[in-house]
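What follows is one structure encoded as structure tokens, with my remarks underneath.
The values are calculated or read from the model by the stated rules, or taken from the named source; none is laboratory data. Computed from a predicted model, the values in this text were never measured in an experiment. Neighbour counts are summed over all protein chains in view; Cβ atoms, including those assigned to glycine, are modelled from backbone coordinates with ideal geometry. Accessible surface areas use protein heavy atoms only, side chains included; no ligands, DNA or RNA. Shrake-Rupley method; radii C 1.70, N 1.55, O 1.52, S 1.80 Å.
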Amino acid sequence: MALEFLNPRMATLRVDAITLDADGVLHRGRTVLPGALDLLHGLNERAIPWQIVTNNSRQTAERAAEHYRSIGLPVRGDQVVTAADATAAYIVGVHAGARRPRVYPLGDADQRACLIAGGCQVTDDEDRAEYVAVGINRHLTYQRLFHACNAIRRGARFVVANLDATVPTETGAIPGAGALAAAIKVATGKDWYAIGKPAPEMMLQALRRMARAPAAALHVGDRLDSDVPAALRAGMATALVTTGEHGREEGLAASGDARPDIIAADLPTVNAWLFRP
Ligand SMILES: [Mg+2]
């Protein structure tokens, strides 16, 4: 069966906003998946707002959009939420006061640029940091890890762009932001606030940006351990497409906050339901 409703409410739901995972949904590597262009065009034609939400901990939305355009997906920067941008937006949002929040970045130059662009002050002084922002950094030193732990022990808030254990690269899987956050958590005994999926923060930011409530919003993703729980915790419905990480059998077997509302074989199947008369 190409389209299965695990939640019967979905058969009649009229979706008024969509968030999309990219890898495994719209594209795989540099290949645009069947139905992706029809989906984006169909949403645009019907004026249904959409946002791509990606766990990328170092790219700005504009850079991510450039990448999507380079493989043939028509995406603007204001249609992307990255974990890096969402980290800055979260910190600025929770920081009460007129002054810009002072953030000690554990991530690389790109994360630093995202924080500054998002309205944070970046500091390398552990004593002045009010927040520590964790993202991947291939040049991370023990010294920086040590300073970040000191800042958190002193009371700085511990924010992590995503909890990804690893990040795939050309040369193999490198430790992800989640692995770095775990080291800090063990060293300090303090818990983090996570931005990326499976936390709901990015979905909530995307909904605010689209000015839509979660009730009639849908997230389309390929992972039961990140896409589905993130959307569910934000109050949104979820469709699992089985063109990426997880298959139909795994979707049917999922329970709790990993259980999708819809399982679809691919995007053309989603489109046929979404754009029904
Ligand atoms: Mg994916």
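What pairs can you find where one residue is in segment 26-42 and small (Gly, Ala, Ser), the other is assigned to a helix (DSSP H, G or I), and their Cβ atoms are less than 8 Å apart, with a gap of 6+ or different chains?
Qualifying pairs under 8 Å: Gly35/Leu267; Gly35/Pro268; Gly35/Thr269; Gly35/Val270; Gly35/Asn271; Ala36/Leu267; Gly42/Asn271; Gly42/Leu274.
Would you be able to say whether some residue in segment 105-118 is open to solvent by 50 Å² or more (accessible area, probe 1.4 Å), over 22 Å from the mean Cα position of the chain (by Cα) and on the phi < 0 side of the Ramachandran plot?
no
Ser70 - would you say it is crowded, with 24+ Cβ neighbours inside 10 Å, of a type in the set (Ser, Thr, Tyr) and out of contact with any Ser or Thr (no Cβ under 6 Å at 6 or more places or on another chain)?
Taking the combined requirement at face value, the residue does not satisfy it.
Going by the conditions given, is Gln51 open to solvent by 40 Å² or more (accessible area, probe 1.4 Å) and touching a Lys or Arg at 6+ places or on another chain (Cβ under 7 Å)?
The answer is no for Gln51.
Give me the pairs, please: first residue somewhere in segment 208-225 and open to solvent by less than 60 Å² (accessible area, probe 1.4 Å), second residue anywhere and small (Gly, Ala, Ser) and more than 16 Å from the ligand (Cβ to nearest atom), beta-carbon distance under 6 Å, and either six or more positions apart or on two chains.
Close Cβ pairs (under 6 Å, with a partner that is small (Gly, Ala, Ser) and more than 16 Å from the ligand (Cβ to nearest atom)) amount to Met210/Ala17; Pro214/Ala234; Pro214/Gly235; Ala217/Ala17; Leu218/Ala237.
Would you list the helices (runs of 4 or more DSSP H) that sit entirely within segment 134-237 and hold 3 or more residues that are touching a helix residue (DSSP H, G or I) at 6+ places or on another chain (Cβ under 9 Å), more than 16 Å from the ligand (Cβ to nearest atom) and not aromatic (Phe, Trp, Tyr)?
In segment 134-237, 142-154, 177-188, 201-210 are the helices (runs of 4 or more DSSP H) which contain 3 or more residues that are touching a helix residue (DSSP H, G or I) at 6+ places or on another chain (Cβ under 9 Å), more than 16 Å from the ligand (Cβ to nearest atom) and not aromatic (Phe, Trp, Tyr).
Among the numbered conditions (1) at pLDDT 95 or above; (2) open to solvent by less than 30 Å² (accessible area, probe 1.4 Å); (3) in a loop (DSSP other than H, G, I, E, B), tell me where Asp124 comes up short.
Going through (1) at pLDDT 95 or above; (2) open to solvent by less than 30 Å² (accessible area, probe 1.4 Å); (3) in a loop (DSSP other than H, G, I, E, B) one by one, Asp124 breaks only (2).
Is one or more of the residues making up segment 163-176 closer than 30 Å to Val15 by Cβ, in the same structural domain as Ala231 (by TED's automatic domain parsing), open to solvent by 40 Å² or more (accessible area, probe 1.4 Å) and hydrophobic (A, V, I, L, M, F, W, C)?
no
Please specify each residue of segment 80-139 satisfying the condition of being closer than 27 Å to Trp50 by Cβ and hydroxyl-bearing (Ser, Thr, Tyr).
Across segment 80-139, the qualifying residues are Thr82, Thr87, Tyr90.
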